[in-house]
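Below is one structure, written out as structure tokens; the observations come after it.
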Amino acid sequence: MRKIISWLVAVVSFVFMSNANAELHVDVVAGGVDPISIAVQKFETSGGVSSADAKMLREVVENDLKRTGLFHIINHDAFPEFVKMNEMPNFTSWAAIKTKALVQASLKTEGKDKYKLEFYLWDVNGKEQIEAQSLIASKKSARRLAHIMADAIYERLTGEEGYFDTQIVFIAETGSVSNRTKRMAIMDQDGYGMRYLSDKNTFVMSPHFSPNMSTVVFLSYRNDDPMVWVLDLDTGDQTKLGNFGGMSFAPRFSPDGSRVALSLVKNGVTNIYEYDIATKGLQQLTFGKHIDTSPSYSPDGRYMAFNSDSSGSQQIHVLDLQTGKQQRITFGAGRYATPAWSPDGQFIAFTKMADDTFYIGIMNPEGRHEKILAGGWYMEAPSWAPGSRRIVYYETEQTADGEERISHIRSVDITGQNIYDIDLKDGLNGTEPTWSPKLP
């Protein structure tokens, strides 16, 4: 098993230059806002840098920003000049083509097997440099330099946490509907570098990252024994989380990574339990003769959202982990499932089933202000990007003859705008995606 988290990206220097009068900022609250026009210059190169690598990094930065729906990438042919690093742009010329932000960058070799990337971000109307960074990474992980650069630009212009230097773990499915092979896989958030984490002989489901990106918990069917397992992303080792005396599934790490919430079936009843990794202790959190599953912690670790059929239909409840009290928060038409608490604590994403249609939506933690983001024949498993701006989920569609099912991994903004597919290999179906925290 390849080492997954083995890249080291060092921020060599950080320069932040701005005055109190700077006005350049993207409105990320309202839907349908006009995107800000940004120009990304051709990267300067030196020291034998591959021109193909420089071109690739520029494209990665542009694509990251473009996919947000918040930025318009200015056509290269429209550029009025090429501004060398450490030279001042002609702001009047750039303003004439309606440029709001200008990016300069240089790429050079650093030692035998590393790249050094430097970039500047200019506010054209304000006529000032508002961001400058210098980054170093191994050549084999050069794409991370571009993602980190895009994150810095995004964060400076939106005030929100970036999510480009992240990964997605998911279930990669191949074969016919009646004979599907399910393998756990991981890829960058833009679909690049997909690699398998499990073999084709083991049925797996429900992967979720630990907060520090060192492990993934998942459901594995081995010898007809469905149990929660843990994968070490550095070594590739897989171990059973524990022997709980019943089927365990739907695992989710606590925000500090010290515990794993999971559903456990005992005597035909499904309740939610919490496993302490250090003590190996198991504590029951919900009680009753119904199905409680899909636990999701609030970011402060005090509450847990989950879905339960205790009211007679599948609905979302919230459990106070300090007092043990719980309350149902969904009362709309239809059934609700797979809650996922946003990293900033402001929203709970969910799957809704009503009128023979599946929906992905968000609401506040009290169950109010429900907003539907997407709907279709079948969709499920919302998961949040860092910064709580975007959600990833999967949607399954029927073929025209109804014989096959095609599953796409999709991302949507919390405004319900800018839905896009994350490209997968031909013939590959993607389900149950989980977005990682920012890479270490």
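The values are calculated or read from the model by the stated rules, or taken from the named source; none is laboratory data. Note that the structure is a prediction, hence the values are computed from the model and not measured. Please note: Cβ atoms are built from the backbone with ideal geometry, for glycine as well, and neighbour counts cover all protein chains shown.
Residues are listed down the side, and each one gets a yes or a no for (1) part of a strand (DSSP E or B); (2) over 30 Å from LEU241 (Cα atoms); (3) touching a helix residue (DSSP H, G or I) at 6+ places or on another chain (Cβ under 9 Å):
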position: GLU118; (1), (2), (3): yes, yes, no
position: GLU131; (1), (2), (3): yes, yes, yes
position: GLU160; (1), (2), (3): no, yes, yes
position: ALA185; (1), (2), (3): yes, no, no
position: SER198; (1), (2), (3): no, no, no
So which residues in the stretch 374-389 are under 17 Å from the mean Cα position of the chain (by Cα), farther than 15 Å from PRO207 by Cβ and of a type in the set (Ser, Thr, Tyr)?
SER388
Answer yes if at least one residue in the stretch 248-266 is in contact with a Lys or Arg (Cβ under 9 Å, 6 or more places away or on another chain), in the same structural domain as PRO365 (by TED's automatic domain parsing) and part of a loop (DSSP other than H, G, I, E, B), and no otherwise.
no
Counted residues, the stretch 408-417 - those being at pLDDT 95 or above and either more than 16 Å from the chain's Cα centre (by Cα) or among the small types (Gly, Ala, Ser) (or both):
1
Residue satisfying condition, being small (Gly, Ala, Ser), outside the structural domain of PRO207 (by TED's automatic domain parsing) and not in a helix (DSSP H, G or I), within set GLY191, GLY126
GLY126
Quick one: would you say THR399 is of a type in the set (Val, Ile, Thr) and either surrounded by 16 or more Cβ atoms within 10 Å (Cβ to Cβ) or at pLDDT 95 or above (or both)?
no
Starting from residues that are over 25 Å from SER294 (Cα atoms) and out of contact with any strand residue (DSSP E or B) (no Cβ under 8 Å at 6 or more places or on another chain), keep the ones in the stretch 402-440 and report whichever is surrounded by the fewest Cβ atoms within 10 Å (Cβ to Cβ).
ASP426
Residues of the stretch 197-245 being more than 20 Å from THR166 (Cα to Cα), surrounded by fewer than 17 Cβ atoms within 10 Å (Cβ to Cβ) and of a type in the set (Gly, Ala, Ser), in sequence order, are GLY245
Count of the stretch 80-97 residues which are under 36 Å from the mean Cα position of the chain (by Cα), among the hydrophobic types (A, V, I, L, M, F, W, C) and within 18 Å of GLU44 (Cα to Cα)
3
